[in-house]
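Following: one structure in structure tokens, then a few remarks.
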Amino acid sequence: MIADKNNLHDVDTWMIFKWVFKSAAAILIVTNTWNIVMGVFDMAQSVVAQAAGVINSDASIDISSVMTDLEPRLMEMDLGPLFGLWFQSLFIGITMWALYICIFIVIYGRMIEIYLVTSVAPVPMAAMMGKEWGGMGQNYLRSLLALGFQAFLIIVCVAIYAVLVQNIALEDDIIMAIWSCVGYTVLLCFTLFKTGSLAKSVFQAH
């Protein structure tokens, strides 16, 4: 403000009030940084909780209904197809374990990212009222919203996965059912990795 007005040679009274207002607003924002951060996540948590209630009632999986006639179908198979099924099951078991690790990384990586982002909250909040650095604070708020609503996208992905897996019970071929489950799990893992970038693109955070 001093540099813009020729080193105070052209000073108006409104500049003093503007400086006092912006300083008071900056102090208020920095003082309530934790309340602002928690407010964003509380709002996102409310949306996620409501979505989770709807999804759990519509897309629940009953494992007992899926596995009802699996044993009789296995008893009807010959030794060769059973051995092939065992080998494929072994390979698929290893693949599913790797996919489980990937899903574990996505979920817990998001939790660690939330801790890291919230730990530096006072820095962008302090710069929010500045003319040159104000964009950093605005982008930080958009990043918080993206992190909060990423959980909603994860729930949507899991709901779609649950609906797809229910179709396995309709498969007559056991091998096809197993490979279908692997394909659905790979799709789930891929979409979970995309939830972070999708949430940031929706809120234009970078």
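The values are calculated or read from the model by the stated rules, or taken from the named source; none is laboratory data. Just so we're clear, the structure is a prediction, and the values are computed from it rather than from any experiment. Ideal geometry is used to build each Cβ from the backbone, glycine not excepted, and the neighbour counts take in all protein chains shown.
Considering only the range 165-188, I want to know if a residue exists there that is touching a residue at least 12 places away in the same chain (Cβ under 8 Å), surrounded by fewer than 18 Cβ atoms within 10 Å (Cβ to Cβ), of a type in the set (S, T, N, Q) and closer than 28 Å to Asn35 by Cβ.
no
Starting from residues that are more than 17 Å from the chain's Cα centre (by Cα) and among the hydroxyl-bearing types (Ser, Thr, Tyr), keep the ones in the range 83-109 and report whichever is modelled with the lowest pLDDT.
Across the range 83-109, the extreme among qualifying residues is Ser89.
Where the second residue is of a type in the set (Ser, Thr, Tyr) and crowded, with 16+ Cβ neighbours inside 10 Å and the first is free of Cβ contacts under 8 Å to residues at least 40 places away in the same chain and assigned to a helix (DSSP H, G or I) and lies in the range 103-132, which pairs have Cβ atoms under 6 Å and are six or more apart or on separate chains?
Pro124/Tyr140
Here is a check on your reading of the model: is Ala26 modelled with pLDDT under 85, assigned to a helix (DSSP H, G or I) and surrounded by 10 or more Cβ atoms within 10 Å (Cβ to Cβ)?
Working: modelled with pLDDT under 85: yes; assigned to a helix (DSSP H, G or I): yes; surrounded by 10 or more Cβ atoms within 10 Å (Cβ to Cβ): yes.
The answer is yes for Ala26.
Has the range 104-119 got at least one residue that is closer than 19 Å to Thr31 by Cβ and hydrophobic (A, V, I, L, M, F, W, C)? Let's see the steps before the verdict.
Start the filter on the range 104-119 by keeping residues that are closer than 19 Å to Thr31 by Cβ, which leaves 118-119.
Retained after the next criterion (residues that are hydrophobic (A, V, I, L, M, F, W, C)): none.
No, the conditions are met nowhere in the range 104-119.
If Ile61 meets every condition in (1) under 23 Å from Ala159 (Cβ atoms); (2) modelled with pLDDT of 75 or more apart from one, which number is that one?
(2)
Checking the structure you have, find out if any residue of the range 124-140 is in contact with a helix residue (DSSP H, G or I) (Cβ under 7 Å, 6 or more places away or on another chain), crowded, with 18+ Cβ neighbours inside 10 Å and closer than 22 Å to Leu198 by Cα. Can you show your working first?
From the range 124-140, those in contact with a helix residue (DSSP H, G or I) (Cβ under 7 Å, 6 or more places away or on another chain) are 124-129, 136-137, 140; that's our starting set.
Filter once more, keeping what is crowded, with 18+ Cβ neighbours inside 10 Å: 124-125, 127-129, 137, 140.
Subset that is closer than 22 Å to Leu198 by Cα: 137, 140.
Looking through the range 124-140, at least one residue is in contact with a helix residue (DSSP H, G or I) (Cβ under 7 Å, 6 or more places away or on another chain), crowded, with 18+ Cβ neighbours inside 10 Å and closer than 22 Å to Leu198 by Cα.
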